[in-house]
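Remarks on the structure that follows.
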Amino acid sequence: MMSHPLRMPLRAAALAALVSLAGCQASPPDALRGTGDLGVVVERATGSLALVDTGDRAILERIEGLGDLSHASVKFSRDARYAFVFGRDGGLTKVDLLRGEIAARVMQSGNSIGGAVSQDGSLVAVANYEPGGVRVFDSETLAPVADIPATWEDARGRRQRAKVVGLVDAPGNRFVYSLFEAGEIHLLDMSGATPAVTRFPDIGAQPYDALIDPTGRYYLAGLFGEDGLALLDLWHPEAGVRRILPDYGRGERRLPVYKMPHLEGWTLAGGRAWLPAVGRHEVLVADADDWSLVDRVPVHGQPIFVMSRPDERQLWVNFAHPDNDVVQVIDTETREVVRTLSPGEAVLHMEFTPRGEHVWVSARDSDRITVYDTHTFEALAELDSESPSGIFFTDRAHRIGL
């Protein structure tokens, strides 16, 4: 068969460009890789990332020198080549997944709790506990762009700075976040020449975490100081914040809370919102249209993450201490627990492969990552990893809020 006359020169030119970009010797074509099968696992005890290949179910290498990763989270650049790591010590690190090395790093605060990448990929925002506020950086260089203090007035009229939690990206190069002590939600618009902040006060006591739905319309903040959640409709922010599920725990004894549940691990499936109950051995089910409570699913312990397989048929749930050696699977059609698994001690996180055929589960105190087949529940691989916690795959680069 005759080849196209331009095909080989184009291939050679593309390979030469890649080699020039990397500044290294030419690699054979089978040594080149994309980023679609890549991900990272946070190894909190050693301040390192395990770079993983989800197709081969293998750890490729480790990237060290990322500081305090005791509550680290990761977001990805628009092209899924870079991982932005938000460390608890205030470090913001940009990691090159193809080179397996740190591309840039700044110490931007004393204590931070996560971040987000803007819709167009040009900005990285970081949520800070100390000092309370949001700092925004250029995603290419990590040069500072904006510093937004999270200020509020207490009952005595004194100006304070609050811890920022639940920071997410929203359409239109906006970011949304909550102020823990103030009981407020702030909407930060970075689409213009200067930052613009819209405040929503009196949303409820102690918002501790938040999420944005997959369409980018609804922002929900969980309330630790009282039962219920606060809902902001970003299509109609002028309508203010609405309280939902205000009395799901009324009249019941609340259990001691050993760990805050993560609302970023909630699920929308089958027209229902599935949420971890605070201080209860339940997963809450709400109608996603009117946000009324429609059911409660009893589970093994206090749920932390309630995560949906991409086809929405299954939910995988992990739990707080002392029940954190178990993962349960809920069938969203029957609303029943269909499988209980024991991946190891102190299960901290789960992540589905992009199409949901596998799920990776980290067990911190067993120094192990287990990969399960989500249809048969067979353990396909066990990977050694020192104190693994958060697992993040590059398909998150193309999803709102993740």
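In contact with a Leu (Cβ under 9 Å, 6 or more places away or on another chain) and either hydroxyl-bearing (S, T, Y) or not in a strand (DSSP E or B) (or both), is that true of L142?
Yes: the conditions hold for L142.
Name the strands (runs of 3 or more DSSP E) wholly within the stretch 286-402 that hold at least 2 residues that are more than 27 Å from I244 (Cα to Cα)?
Passing ranges, in order: 336-341, 347-352, 358-363, 368-373, 379-384, 388-393.
In the stretch 371-383, what residues are touching a residue at least 60 places away in the same chain (Cβ under 8 Å) and either farther than 16 Å from R309 by Cα or more than 24 Å from the chain's Cα centre (by Cα) (or both)? Steps first, please.
Residues of the stretch 371-383 that are touching a residue at least 60 places away in the same chain (Cβ under 8 Å), as a first pass: 371, 374, 380-381, 383.
Answer for the stretch 371-383, where residues must be touching a residue at least 60 places away in the same chain (Cβ under 8 Å) and either farther than 16 Å from R309 by Cα or more than 24 Å from the chain's Cα centre (by Cα) (or both): L380, A381, L383.
Applying the selection to the stretch 215-230, what residues are surrounded by fewer than 19 Cβ atoms within 10 Å (Cβ to Cβ) and either modelled with pLDDT of 95 or more or within 19 Å of the chain's Cα centre (by Cα) (or both)?
Answer for the stretch 215-230, where residues must be surrounded by fewer than 19 Cβ atoms within 10 Å (Cβ to Cβ) and either modelled with pLDDT of 95 or more or within 19 Å of the chain's Cα centre (by Cα) (or both): T215, R217.
From the list P303, P354, exactly one residue is in contact with a helix residue (DSSP H, G or I) (Cβ under 9 Å, 6 or more places away or on another chain), surrounded by 23 or more Cβ atoms within 10 Å (Cβ to Cβ) and touching a residue at least 12 places away in the same chain (Cβ under 8 Å). Which is it?
So the residue among P303, P354 that is in contact with a helix residue (DSSP H, G or I) (Cβ under 9 Å, 6 or more places away or on another chain), surrounded by 23 or more Cβ atoms within 10 Å (Cβ to Cβ) and touching a residue at least 12 places away in the same chain (Cβ under 8 Å) is P303.
Search the stretch 357-402 for residues being buried (at least 17 other Cβ atoms within 10 Å of the Cβ) and basic (K, R), and hand back the single one that is farthest from E64 (Cα to Cα).
The residue in question is R396.
Select from the stretch 151-172 the residues that are part of a strand (DSSP E or B) and closer than 17 Å to Y219 by Cβ and list them in ascending order. Walk me through how you get there before you give the answer.
Quick first cut of the stretch 151-172, residues part of a strand (DSSP E or B) only: 151-153, 159-161, 164-170.
Within the stretch 151-172, V164, V165, G166, L167, V168, D169, A170 meet the criteria.
When you go through R62, R88, R78 one by one, which is the residue that is touching an Asp or Glu at 6+ places or on another chain (Cβ under 8 Å) and part of a strand (DSSP E or B)?
Checking each option against the conditions leaves just R62.
What are the pairs, 6+ residues apart or on separate chains, where a residue within the stretch 56-76 that is over 16 Å from V106 (Cβ atoms) and in contact (Cβ under 8 Å) with a residue 12 or more places away in the chain has its Cβ under 7 Å from a residue that is of a type in the set (A, V, I, L, M) and exposed (fewer than 15 other Cβ atoms within 10 Å of the Cβ)?
Sorted first by the residue in the stretch 56-76, then by its partner, the pairs are R57/L380; R57/A381.
Quick check on this structure: which one of P207, P237 is in contact with a Ser or Thr (Cβ under 8 Å, 6 or more places away or on another chain) and modelled with pLDDT under 95?
P207
Listed residues G172, G157, G133; which is at pLDDT below 95 and of a type in the set (G, A, S)? Steps first, please.
On the way: G172 fails: at pLDDT below 95; G133 fails: at pLDDT below 95.
Answer to the selection: G157.
Considering only the stretch 156-172, how many residues are within 19 Å of the chain's Cα centre (by Cα) and buried (at least 18 other Cβ atoms within 10 Å of the Cβ)?
8
The values are calculated or read from the model by the stated rules, or taken from the named source; none is laboratory data. On a predicted model such as this, the values are computed, not experimentally measured, just so you know. Positions of Cβ are generated from backbone atoms using ideal geometry, with glycine treated the same way; all protein chains shown enter the neighbour counts.
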